[in-house]
2 protein chains.
Amino acid sequence: MSNITGDLALFNELVEALLNEEDKNPVADRIEADKLYESIDLSLNNSAMVDDEFKKVLREVLVSTPKTATNLFFNQLFGGRQGKAVLGDLLAVMLNNSMYTYKVAGPQVGIEQEIIRQSCDLVGYGAESNGTFPTGGSMSNYMALVMGRDAKDPSSRAEGVRKPLIAYTSKESHYSNAKNASFAGFGRNNVRYIEADKEGRMIPEKLEEQINKDIADGFIPTYVTSTAGTTVLGAFDPIDKIADITEKHNIWLHVDGAYCGSLIFSEKYKHLLKGMERSDSFSYNAHKMIGTPMTCSIILVKDKKYLHGSFSNDADYLYQTDGDDFNLGKTSFQCGRRNDALKFWTLWKSVGTDGLRDIVDQQFYLADVCLEYIRSNPDYTLYSFDDSISVCFNYKNIDPVTLCTALYEHQITVVGFGSFNDDTFLRLVTINATNTKEDLLNFFKVMEEFVDKNPEKLV
Amino acid sequence: MSNITGDLALFNELVEALLNEEDKNPVADRIEADKLYESIDLSLNNSAMVDDEFKKVLREVLVSTPKTATNLFFNQLFGGRQGKAVLGDLLAVMLNNSMYTYKVAGPQVGIEQEIIRQSCDLVGYGAESNGTFPTGGSMSNYMALVMGRDAKDPSSRAEGVRKPLIAYTSKESHYSNAKNASFAGFGRNNVRYIEADKEGRMIPEKLEEQINKDIADGFIPTYVTSTAGTTVLGAFDPIDKIADITEKHNIWLHVDGAYCGSLIFSEKYKHLLKGMERSDSFSYNAHKMIGTPMTCSIILVKDKKYLHGSFSNDADYLYQTDGDDFNLGKTSFQCGRRNDALKFWTLWKSVGTDGLRDIVDQQFYLADVCLEYIRSNPDYTLYSFDDSISVCFNYKNIDPVTLCTALYEHQITVVGFGSFNDDTFLRLVTINATNTKEDLLNFFKVMEEFVDKNPEKLV
């Protein structure tokens, strides 16, 4: 029905146009949300579209889509483009395997398992460890929560949740913790948000106080998330001290490293994850610090029996050959599952573990460039701390919400804002390792120029 | 850090090799699972790899990965390659947007919403409907289960599951129903598997009997899955009759159309979905019948307030501009989310709704080709029925498990087996719409030749 060679040629033509456009306009020409449908013909119709018209509208879509790979995109906890990872993901589209069985995924199973095995070694988990590729950081946290629930209250799997199970996390943790508690039958109100210190790290003493209070009140402390890289400040909860508490009370400890768990690759910064080998599960997103295309999330479990216990299911029509270790559907939430491993493997294979270390370390170097710039310039107020790739600041006391919206609407740069305690500020994320010192200094330059020349747009 | 142009050139070179290999060997040379790691160098090491060696190992991986796009792959509920959908997914890799906010996804939000709006129209849902793109059919069913739970027992969201909630599905439904009941706090034992008739369809009278019994026993009937295309036989539960019961008892009705919900595009076959507009939610996988790359799952909800009620969450650091209708993270399980919509949109935009109809109808035509062949040949026993793209049969009474394993191991064709009641049989899925009548007749030819020439391999 379709000539794939022709479609690949069209892909190459459109990508060339996209790359040129990225060079020319690193920030996309923004279409106001309420004018979207009148600006581009996104409509789907009964009849086929003539090839030339199809190409034209597709080009319009590409040009007006926010550009996440350029050196002026700092808005999110991802950005940039690692070529070898892009290569792997493009190939995954062509191969289109499903990761549930060895019969249909073949060596891709080994690719996934090799990443998991090496990652477990880096975390310091032992021979019983294993893992899987969830669909993102929220799903990683969810799988950990379900395992923690089933470990503490094994009857919940067959009979349902009937007990007052409690989950703990810090006030600075990711919002999926609240949603997940609802999904898994705990209920949102049964999440305790533990206070953070002045640098955004969970205070272990407050955690233990709360656990003791809950036990006294007849609740069942079940699960703790320790965050490695909080969403706003990029702070690291003290895993080692938290593990002292979870081990004492027999509570599942998960390390949510969606943002900064990739520090397992850095000799220089992995001390921020001290104690991680004492956790029960650990997750990180290679589509964040490592820079693969979305999504590439990995959850590691110290004892794989919990992964099997909570997620396996028999299905004769599906698991027809080869052993359980090769039929990965037995340890995943999903049935059919996209190949999210190949892109990470092509990058890792190509640059080596040493190359991944360099990718991670580069981001801290870029953050230091920013910190130095900000600290040496009295027009700035700094709100973030060392050892973080989230650089938080305000410029000339301009309202950060107004400023970052204006920067976006005028195609200057894409950056977001965040809040901690009573402060709100710009949050610049130095997560694109393909950026250089000059790229970051350029960010400050274009922002300052915009502010100084357009005071009327910032009131 | 990386020259993307060079990596794109390498992609093109490798794809050419892959397409040639598919022509030459439509079934991959299978590596035994226990010999995988000694056959290909999948290891990840500290040092970077020289480009030539990297290319060599990547080529080996591609050649030995099971080929899902050829005319001899019938194993799974997907297969083939729709060129315009491949184009869209390759572009999605390059764009690398996350679908949570309009700020970062821009017109891709409109692309997703246009697919959802048109799909809701085809199902017959009204103005209050909406939907999202979950990560697969299991997740679609899970989201429906959570919405059904929260609709019946609103306190479960905040306070946790504390009541004996019951879910219903047929014995022939997908295994995710059991897993999901565990994940959502119902418990696996609180799923009732309703008997199916001799063609594999849920018997509505048995459903109502069970509901009445549960009410009498103090349970709370909460959720029913009606399957549109069961996993083995491809059967359709009678939605209209099931809706009579769920409406009467105020129970959430979900239509699991992961496999065959794409019949919404077929004038000729959509009668198999009669009553679908009475359901509360409806899901289908465009990566199955429509033939997009993995994954492209869509869940539609008749009243979007349930989608918001169960899945929304405030996150100031994320949802910074534009309204809720454009910030899709407010209605998804995930936070960061891959763009799974573009591939479907490029195909739909290009071939039109009429083209999607042709893709769907072609699969029933191919199934009819197979049924006719089997019925006219006394060496075959047929186990499946009309109006299904799962063609189930045995040949010369050969054990189907032995046969399909031998066909796979000898690179003849990739096909699976299934069971219904006491019978086990080969299951040929005519889901690759790029196949022709000749491709299907060729399947029978190569299978018969293999059997007739290799009797010793089938004992």
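The values are calculated or read from the model by the stated rules, or taken from the named source; none is laboratory data. From a predicted model like this one, the values you see are computed outputs, not experimental measurements. Here the Cβ is made from the backbone with ideal geometry for all residues, glycine too, and neighbour counts use every protein chain on show.
Is it true that B:Thr353 is in contact with a Ser or Thr (Cβ under 7 Å, 6 or more places away or on another chain) and at the interface with chain A (Cβ under 7 Å from one of its Cβ atoms)?
Numbers: in contact with a Ser or Thr (Cβ under 7 Å, 6 or more places away or on another chain): no; at the interface with chain A (Cβ under 7 Å from one of its Cβ atoms): yes.
Answer is no for this residue.
Could you run through the range B:98-115 and say how many residues are buried (at least 24 other Cβ atoms within 10 Å of the Cβ) and not in a helix (DSSP H, G or I)?
4
Among the residues of the range A:131-152, write down those that are surrounded by 23 or more Cβ atoms within 10 Å (Cβ to Cβ) and not small (Gly, Ala, Ser).
Listed by number, the residues that qualify are A:Thr132, A:Phe133, A:Pro134, A:Thr135, A:Met139, A:Asn141, A:Tyr142, A:Met143, A:Leu145, A:Val146, A:Met147, A:Arg149.
Within the range A:400-449, restricting attention to residues that are touching a Lys or Arg at 6+ places or on another chain (Cβ under 8 Å) and not in a loop (DSSP other than H, G, I, E, B), which residue is nearest to the other protein chains (Cβ to nearest Cβ)?
In this case the residue turns out to be A:Gly418.
If I filter the range B:201-216 for residues that are within 21 Å of the chain's Cα centre (by Cα) and at pLDDT 95 or above, do I get at least one hit? Can you show your working first?
We begin by selecting, within the range B:201-216, every residue within 21 Å of the chain's Cα centre (by Cα); these are B:201-202.
Checking which are at pLDDT 95 or above leaves us with B:201-202.
Yes, the conditions are met somewhere in the range B:201-216.
Name the residues in the range B:35-77 that are without any contact (Cβ under 8 Å) to a residue 12 or more places away in the chain, outside any loop (DSSP other than H, G, I, E, B) and more than 29 Å from the chain's Cα centre (by Cα), would you?
Listed by number, the residues that qualify are B:Lys35, B:Tyr37, B:Glu38, B:Asp51, B:Asp52, B:Glu53, B:Phe54, B:Lys56.
Give the range A:268-315 a look and list any residue that's of a type in the set (Phe, Trp, Tyr) and surrounded by fewer than 24 Cβ atoms within 10 Å (Cβ to Cβ), or say none.
Step one: of the range A:268-315, the residues of a type in the set (Phe, Trp, Tyr) are A:269, A:282, A:284, A:306, A:311.
Answer for the range A:268-315, where residues must be of a type in the set (Phe, Trp, Tyr) and surrounded by fewer than 24 Cβ atoms within 10 Å (Cβ to Cβ): A:Tyr269, A:Tyr306, A:Phe311.
Exactly one of (1) under 25 Å from A:Glu32 (Cβ atoms); (2) within 7 Å of another protein chain (Cβ to nearest Cβ); (3) surrounded by fewer than 22 Cβ atoms within 10 Å (Cβ to Cβ) is unmet by B:Ala127. Its number?
Condition (2) is where B:Ala127 drops out.
Against the definition (assigned by TED's automatic domain parsing to the domain that holds A:Gly329, assigned to a helix (DSSP H, G or I) and surrounded by fewer than 19 Cβ atoms within 10 Å (Cβ to Cβ)), how does A:Gln118 come out, yes or no?
Numbers: assigned by TED's automatic domain parsing to the domain that holds A:Gly329: yes; assigned to a helix (DSSP H, G or I): yes; surrounded by fewer than 19 Cβ atoms within 10 Å (Cβ to Cβ): yes.
When the stated conditions are applied, A:Gln118 passes them.
The rows are residues; the columns are (1) under 25 Å from A:Ser98 (Cβ atoms); (2) facing another protein chain (nearest Cβ under 8 Å); (3) of a type outside the set (Gly, Ala, Ser); (4) touching a residue at least 12 places away in the same chain (Cβ under 8 Å).
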residue: A:Phe326; (1), (2), (3), (4): yes, yes, yes, yes
residue: A:Arg337; (1), (2), (3), (4): yes, yes, yes, yes
residue: A:Ala367; (1), (2), (3), (4): no, no, no, yes
residue: A:Leu371; (1), (2), (3), (4): no, no, yes, yes
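Cβ-Cβ under 9 Å, sequence separation 6+ or interchain: first residue in the range A:158-182 and without any contact (Cβ under 8 Å) to a residue 40 or more places away in the chain, partner among the basic types (Lys, Arg) and in a helix (DSSP H, G or I). Which pairs?
From residues that are without any contact (Cβ under 8 Å) to a residue 40 or more places away in the chain, the pairs are A:Ala158/B:Arg188; A:Glu159/B:Arg188; A:Gly160/B:Arg188; A:Val161/A:Arg149; A:Ala178/A:Arg188; A:Ala181/A:Arg188; A:Ser182/A:Arg188; A:Ser182/B:Arg157.
Can you confirm whether the range B:10-29 contains a residue that is more than 32 Å from the chain's Cα centre (by Cα), more than 7 Å from chain A (Cβ to nearest Cβ) and outside any loop (DSSP other than H, G, I, E, B)? Steps first, answer last, please.
Taking the range B:10-29 and keeping what is more than 32 Å from the chain's Cα centre (by Cα), we get none.
Taking every residue of the range B:10-29 in turn, none turns out to be more than 32 Å from the chain's Cα centre (by Cα), more than 7 Å from chain A (Cβ to nearest Cβ) and outside any loop (DSSP other than H, G, I, E, B).
Got a number for residues in the range B:81-122 being within 12 Å of A:Val93 (Cα to Cα) and more than 7 Å from every other protein chain (Cβ to nearest Cβ)?
Number satisfying all stated conditions: 3.
Looking only at the range B:376-389, decide whether some residue is within 14 Å of another protein chain (Cβ to nearest Cβ) and assigned to a helix (DSSP H, G or I). Steps first, answer last, please.
Taking the range B:376-389 as the starting set, the residues that turn out to be within 14 Å of another protein chain (Cβ to nearest Cβ) are B:383-384.
Right, trim to assigned to a helix (DSSP H, G or I) and you get none.
No, the range B:376-389 contains no residue that is within 14 Å of another protein chain (Cβ to nearest Cβ) and assigned to a helix (DSSP H, G or I).
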